[in-house]
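Heads up: the structure comes next, in structure tokens.
The values are calculated or read from the model by the stated rules, or taken from the named source; none is laboratory data. In this text the structure is predicted, and so the values were computed from the model without any measurement. Cβ placement follows ideal geometry from the backbone for every residue including glycine, while neighbour counts extend to all protein chains displayed. Side chains are part of the model used for accessible areas, which takes the heavy atoms of the whole protein and leaves out ligands, DNA and RNA. Shrake-Rupley method; radii C 1.70, N 1.55, O 1.52, S 1.80 Å.
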Amino acid sequence: MPSLLRLEEVTTANLAAALRIRVRPDQEHNVEPVAASLAEAYVHPPEVAWPRLIVDGDRTVGFLMAFLDIDWRTDGTLFRSGLWRLNIDAGEQGRGYGRFAVEAVATEIRRRGGKEMYVTWHAGPDGPDGPDGPEAFYLRLGFQKTGEVSGDQPVGVLTL
Ligand SMILES: CC(C)(COP(=O)(O)OP(=O)(O)OC[C@H]1O[C@@H](n2cnc3c(N)ncnc32)[C@H](O)[C@@H]1OP(=O)(O)O)[C@@H](O)C(=O)NCCC(=O)NCCS
């Protein structure tokens, strides 16, 4: 049976479903709401911000936004790609959609010739975000901490 799990571009037809995506209330400090990410996508060039809905059959289960070849240090010396935002709806977590999203972004970066995928997240399991922060999720999927911080967030990298 063909998989019904896919990414979709955000359009006038699915915008309302995109804006209904909500992480759990206790996770809200870990990620911007979808509306804020879409506003950021609007003000960035389309070749840099890559927002997509995660759709399973007729259910919109989450949202991701990748960054593609951004000027990481804003001085033109280092360009990186990775996962900027990931919001799996509260009622849809724990079903593999987060893993699917990470793998889909990895595929897109690889398709563009990239060899590494970056992500940053709020502080780890013992930090202010508690045991449900996303650090353990990213480490489980194979990301390794680079030792850098971006603002106050640890940086992780996955070799593709
Ligand atoms: C973190 C988040 C994206 C995970 O999505 P998900 O769909 O629930 O995760 P999956 O079901 O795909 O899980 C993939 C694997 O990670 C593990 N995992 C998921 N969340 C985890 C957590 N908080 N701690 C430890 N492991 C976790 C799962 O057990 C699973 O392992 P397995 O495949 O080996 O059994 C989701 O909980 C979320 O949207 N959280 C709120 C927003 C957020 O923090 N976003 C990230 C911003 S940087």
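Please report the carbon-and-sulfur percent of the accessible area for the chain; probe 1.4 Å, protein heavy atoms only, DNA, RNA and ligands left out. Using a 1.4 Å probe with all protein chains present, the chain comes out at 52 percent carbon and sulfur. Of all DSSP beta bridges confined to the chain, the antiparallel ones make up roughly 95%.
Based on the Stokes-Einstein relation at 4 °C and a viscosity of 1.567 mPa s, and on the Kirkwood radius from alpha carbon pairs, region 5-159 is assigned a translational diffusion coefficient of 82 µm²/s.
Comparing Val43, Val149, Val34 in a Gaussian network model of the chain, where Cα atoms under 10 Å apart are tied by springs, the biggest mean-square fluctuation is seen for Val43. For a modelled paramagnetic label at Leu19, 7 Å from Cα along Cα-to-Cβ, no residue of region 41-56 is in reach, as no backbone nitrogen comes under 14 Å. Mean-square fluctuations from a GNM of the chain, with a 10 angstrom spring cutoff on Cα atoms, peak among Ala90, Ala16, Ala101 at Ala16.
Residues Thr120, Thr159, sorted by accessible area with the largest first, give Thr159, Thr120 [1.4 Å probe; ligands and nucleic acids excluded]. Note on the chain: GNM, Cα springs under 10 Å; of Gly114, Gly62, Gly94, the largest mean-square fluctuation is that of Gly94. Averaged over its residues, region 5-159 has an accessible area of 54 Å² per residue, based on protein heavy atoms and a 1.4 Å probe.
Label sites at Glu9 and Ala36, each approximated as a point 7 angstrom past Cα along Cα to Cβ, lie 2.7 nm apart. In terms of its C-alpha gyration tensor, region 81-126 has an oblate overall shape, because the principal axis ratio a/c (a ≥ b ≥ c, square roots of the eigenvalues) is not below 1.5 and a/b does not outweigh b/c. Near Ile70, once Lys and Arg are set to +1 and Asp and Glu to -1 for all other residues with Cβ below 14 Å from its Cβ, the sum equals -2.
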